[in-house]
Structure formats: structure tokens, C-alpha cells
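The values are calculated or read from the model by the stated rules, or taken from the named source; none is laboratory data. These numbers were taken from a predicted model, which means no experiment stands behind them. Because the Cβ atoms are built from the backbone with ideal geometry, glycine has one as well, and the counts that use them run over all protein chains shown. Just the protein is used for accessible areas: all its heavy atoms, side chains included, with ligands, DNA and RNA removed. Shrake-Rupley method; radii C 1.70, N 1.55, O 1.52, S 1.80 Å.
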Amino acid sequence: MYISEEHLPPDLHQLVIDIKQARNQRQGDCLSLLQLLRLLEDLHRSILEEEFQAALPSTRQDLHRFLLDLEEAGNWPYIPRTHLRTLIQRLVMSESRSPAADSER
């Protein structure tokens, strides 16, 4: 696990417990475990494409802070390459619209 459970907020800690319990209840049942994995993958994709992508930094300074936080916390969440491209495009677009970008030219 990327983050130690002792540092999780209570709601996420409970979620870990619940998911582990669901895993244990399905032990040895390949189809039930596959169903659990598909559910988790769908949730991951939904969070990534909806909330996470919208919350990504829109300036270079914010991106720098974000990357420093990731570096300090250790490990990166899985972010598909296409989402990284979207982040870069957002940064380029925001810089081209900012007054500071005009003064640098």
C-alpha cells in the first residue's frame, strides 16, 4: 500500500477495512474476486476522470507544489499517460492566457 493505514483519515481507514473484509469473504472464488476488482477499477476510473482531473493544478507554481507533495508522500497514484497530456495542455493554455506570459514575450 502506498500510504500507511495509520495516516489515513477515519473514513478512508474504514474503507480499507471494508474492502479487505470483502476480499476475505471472496477468498478462493475467482469470479467474486474479479467482480470486486472490476468494481474497484470502475471507482478508480470514475474518481480519476471526474474529481481528480478537475482538481489538477492549472499553473506551473501549483503543479510544482503538487509534485513536491507527491515526492514527499512517496509514490504516485496511477495516472494514465493521456491524463498527464491533458494536465500539460491545461498548463500550456493557462500560461498563454496569463498576463505574466504576455510580459515574458
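Brief remarks follow.
- Viscosity 1.002 mPa s, 20 °C: Kirkwood-radius Stokes-Einstein D of segment 1-42 over Cα pairs, µm²/s: 191 µm²/s
- For His13, the accessible area of its heavy atoms, probed at 1.4 Å with every protein chain present, is near 70 square angstrom.
- Here each label is just a point 7 Å from Cα along the line to Cβ, and for Gln25 and His7 those points are 3.1 nm apart.
- Largest to smallest accessible area among Ile17, Ile88 [probe 1.4 Å]: Ile88, Ile17
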